[in-house]
Protein chains: 2
Amino acid sequence: MEEILRQTLLYDFYGELLTEHQKQVYEDVVLNDYSLSELAQSLSISRQGVHDMVKRSTRLLNEYEEKLHLVERFVDLRGKVGEIHKLTENEKDDPSMQKIGQIAAEILEEL
Amino acid sequence: MEEILRQTLLYDFYGELLTEHQKQVYEDVVLNDYSLSELAQSLSISRQGVHDMVKRSTRLLNEYEEKLHLVERFVDLRGKVGEIHKLTENEKDDPSMQKIGQIAAEILEEL
């Protein structure tokens, strides 16, 4: 998995277990690609302080994944539901297939 | 949802975030239905001590659910995949349907 995708998924699943401050900094630096210096300036803390916060949050998110494996399960599940969705695509005349395709699309949207 | 099912799901998803000791006590009392006095005796702590540990673990598990909503998402997802599985049951002659039924069954087993 690409690192940025992995970081986004980790944050999607476990972000709510970080503090508001940790979330803010993680979002800005990792997901929105702000520079450390830029953020350090706007938060009035040192560049090193921002760097340490991101590092700590990343470690926490990885620790949650090591314990709960949700991202791993999610990627596997998403692949399987995607496979189901694909199998319905060429059989749209069949009403059951159509219904299955619809449910699979709903799941993929929610995942 | 029945309370015992909810407690089992909460534990399935977030149990790994409890300490070994909390896990042990939660499993014994909530999932395996040992009596508080029995467990208190075997752990050499007070009955009230066991009661407090279970209460605290239950609160922790519920707090994780309030933040991450995994049990809620899981129940919804399981319902939808179950629906897909059901739709394939009467059309087992169709190879695509057969394949979809198989994938859905795999997902249900893993969930």
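Overview of results
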item: Residue list for the range B:4-16, filter: crowded, with 17+ Cβ neighbours inside 10 Å and at pLDDT 95 or above; result: B:Leu10, B:Tyr11, B:Tyr14, B:Gly15
item: Cβ-Cβ under 7 Å pairs, at least 6 apart or on other chains, the range A:90-111 side within 9 Å of chain B (Cβ to nearest Cβ), far side assigned to a loop (DSSP other than H, G, I, E, B) and at pLDDT below 95; result: A:Ser96/B:Glu91; A:Met97/A:Glu91
item: Test: residue in the range A:48-62 that is in contact (Cβ under 8 Å) with a residue 24 or more places away in the chain and either aromatic (Phe, Trp, Tyr) or at the interface with another protein chain (Cβ under 9 Å from one of its Cβ atoms) (or both); result: no
item: Lone unmet requirement of (1) exposed (fewer than 14 other Cβ atoms within 10 Å of the Cβ); (2) more than 30 Å from A:Glu83 (Cα to Cα); (3) under 13 Å from the mean Cα position of the chain (by Cα) for B:Ser35; result: (3)
item: Candidates A:Ile107, A:Ile100 - the one that is surrounded by 14 or more Cβ atoms within 10 Å (Cβ to Cβ) and either in contact with a Lys or Arg (Cβ under 9 Å, 6 or more places away or on another chain) or part of a loop (DSSP other than H, G, I, E, B) (or both); result: A:Ile107
item: Residue ID - nearest to A:Leu68 (Cα to Cα), chosen from residues in the range B:80-104 that are of a type in the set (Gly, Ala, Ser) and touching a helix residue (DSSP H, G or I) at 6+ places or on another chain (Cβ under 6 Å); result: B:Ala104
item: Residue match in the range A:49-65 (condition: exposed (fewer than 13 other Cβ atoms within 10 Å of the Cβ) and touching a helix residue (DSSP H, G or I) at 6+ places or on another chain (Cβ under 8 Å)); result: no
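The values are calculated or read from the model by the stated rules, or taken from the named source; none is laboratory data. It should be emphasised that the depicted structure is a prediction, and the values quoted were computed from it without experimental measurement. Methodologically, a virtual Cβ is constructed for each residue, glycine included, from the backbone with ideal geometry; neighbour enumeration extends over all protein chains shown.
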